[in-house]
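See below for the structure under consideration.
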Amino acid sequence: MNQSSDTTFKPDIIKATALKKEQRKANLKKWRFIIILIPIMILLMAINAQTGSANLSIGDVFTTILHKFFPDTFASVSDMVNKIIWQLRLPRVLMAMLAGIGLAGAGCVMQSSLKNPLADPLLLGISSSAGFGATLVIILGVGILSGTAGIITSAFFFAILVSLVIIGLSSFKGAKPVTMLLIGLAMTYLFQSLTQLLQYQSSAEAAKASMMWMVGDLSGVEWSEVAILFPIILVSCGLLFWKSWDLNILSSGDETAKSLGINVFRLRVFLMAVASLVTAAIVSFIGVIAFVGLVCPHICRMFIGSDNRFLFPASCLAGAVLLLCADCVARTVLSPVILPPGVITGLLGAPFFIQLVMRQRRELI
């Protein structure tokens, strides 16, 4: 009997061992993809820091940064180069990196939690509602708090408002992705119209500044703004990554998640609230950046699949890479004229969105 049972279980053990090996290989490939994105991001940051009206080399950038931390090891550079890099370019580069990470991470979470391939902070109306909330404080000074704190608070409030509408809609049985998308687009147009109304009533200078801000502008970024956004992105992305396993279960279906003891509604509200906070914080500093949250998760999904333990960090890094590329193109394509990077991401994202809709057309109808 013992020999017979051993003979029966051996093939199962061999199969389980083989499956584990295949899973490890697959996971290693996913981690390689993620790790490769890190040096690409760092290289793009260096290229962005050296690109501009003043001719600098990548060596100047690295020397300037290293001299700041290791003054005895690396030679100093001129005061002009030091000022250009530390005061003008590095804050912009770091803001682009943080914004790309936050928007792509928020898009990844929204797509998985709502089971909607077209979910994105912009298309669901979250970006435009956050923009309206920020505009209220910027133009009219309306809000509980003033200054940057007031802008973030107001932007977050309106972003959460729209998120709750989307969550409420997704809880109805039979709510298709196209339904949620159309509601999101309706919210986008509503809050864009309200923002334009505020701009119309404001002074010409305020209206111009607001218009630049609505298409995503990285000019004039300061270290104080980077210092505020950095902990928000760090904590929010940490919380979202912490919930990545629960997000995998949620993606498999609400009934499956409930059977495993997950409070689906509470989890979805938590994920959307954190994603909305990220979006609101980014919008309040640099304005509305289009399609980063839509494009990056889909690109990463093609390479590493839908496991959010890998997809989420990969999407964040891909978002940083995309926005750094867009900012570099925006500053060089019509030099010396500097375009808002939101224009470039919009031009890149629109064809991708059309292609995505065509691929999903059978599911959306």
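The values are calculated or read from the model by the stated rules, or taken from the named source; none is laboratory data. The structure displayed is predicted, hence computed values, not measured ones. With ideal geometry, Cβ positions are generated from the backbone for all residues, glycine too; neighbour counts draw on all protein chains shown.
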With the requirement that a residue be surrounded by 16 or more Cβ atoms within 10 Å (Cβ to Cβ) and of a type outside the set (A, V, I, L, M, F, W, C), what does region 40-81 give you? Asn48, Gln50, Thr51, Gly52, Asp60, Thr63, Thr64, His67
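Considering Ser306, Ser276, which residue is in a helix (DSSP H, G or I), within 19 Å of Leu103 (Cα to Cα) and of a type in the set (S, T, N, Q)?
Values: Ser306 fails: in a helix (DSSP H, G or I).
The unique qualifying residue is Ser276.
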Identity of the residue in region 251-267, of a type in the set (S, T, N, Q) and assigned to a helix (DSSP H, G or I), that ends up nearest to the chain's Cα centre (by Cα): Ser251
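Any idea how many residues of region 56-74 are assigned to a helix (DSSP H, G or I) and either of a type in the set (Gly, Ala, Ser) or more than 18 Å from Leu94 (Cα to Cα) (or both)? Spell out how you get there, then give the answer.
Initial filter on region 56-74 (assigned to a helix (DSSP H, G or I)): 58-69.
Those still in the list that are either of a type in the set (Gly, Ala, Ser) or more than 18 Å from Leu94 (Cα to Cα) (or both) too: 59, 67.
Residues flagged as assigned to a helix (DSSP H, G or I) and either of a type in the set (Gly, Ala, Ser) or more than 18 Å from Leu94 (Cα to Cα) (or both) within region 56-74 amount to 2.
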Residue list for region 178-197, filter: out of contact with any Gly (no Cβ under 8 Å at 6 or more places or on another chain), at pLDDT 85 or above and over 10 Å from Gly125 (Cβ atoms): Ser193, Leu194, Gln196, Leu197
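Is it the case that Ala227 is of a type in the set (Gly, Ala, Ser) and modelled with pLDDT of 85 or more? Let's see the steps before the verdict.
Details: of a type in the set (Gly, Ala, Ser): yes; modelled with pLDDT of 85 or more: yes.
Yes.
Just a yes or no: is a residue in region 75-88 touching a His at 6+ places or on another chain (Cβ under 9 Å), of a type outside the set (Val, Ile, Thr) and part of a loop (DSSP other than H, G, I, E, B)? Lay out the reasoning, then the answer.
Pass one, region 75-88, residues touching a His at 6+ places or on another chain (Cβ under 9 Å): 75-77, 82.
Filter once more, keeping what is of a type outside the set (Val, Ile, Thr): 75-76, 82.
Of the ones still in play, those that are also part of a loop (DSSP other than H, G, I, E, B) are 75-76.
Looking for residues that are touching a His at 6+ places or on another chain (Cβ under 9 Å), of a type outside the set (Val, Ile, Thr) and part of a loop (DSSP other than H, G, I, E, B), one finds at least one in region 75-88, hence yes.
For region 212-245, which positions are among the small types (Gly, Ala, Ser), surrounded by 15 or more Cβ atoms within 10 Å (Cβ to Cβ) and part of a loop (DSSP other than H, G, I, E, B)? So that I can check it myself, show each step before the final result.
Just the residues of region 212-245 that are among the small types (Gly, Ala, Ser), to begin with: 216, 219-220, 224, 227, 236, 238, 244.
Okay, now just the ones that are also surrounded by 15 or more Cβ atoms within 10 Å (Cβ to Cβ), so 216, 236, 244.
Scanning region 212-245 gives a single hit, Gly216.
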Is there a residue being touching a helix residue (DSSP H, G or I) at 6+ places or on another chain (Cβ under 7 Å), farther than 19 Å from Glu222 by Cα and modelled with pLDDT of 90 or more anywhere in region 337-344? no
In region 315-342, what residues are outside any helix (DSSP H, G or I) and surrounded by fewer than 24 Cβ atoms within 10 Å (Cβ to Cβ)? Val333, Leu334, Ser335, Pro336, Val337, Ile338, Leu339
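Quickly run through region 63-87 and pick out the residues that are within 16 Å of Thr51 (Cα to Cα) and over 35 Å from the mean Cα position of the chain (by Cα). Break it down stepwise before answering.
Filtering region 63-87 for residues within 16 Å of Thr51 (Cα to Cα) gives 63-65, 80-87.
Passing the criteria: none in range.
Rundown of residues vs (1) surrounded by 19 or more Cβ atoms within 10 Å (Cβ to Cβ); (2) of a type in the set (Phe, Trp, Tyr); (3) in contact with a Pro (Cβ under 6 Å, 6 or more places away or on another chain), yes/no style:
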position	(1), (2), (3)
Ser251	no, no, no
Glu255	no, no, no
Lys258	no, no, no
Phe270	no, yes, no
Val278	yes, no, no
Phe291	yes, yes, no
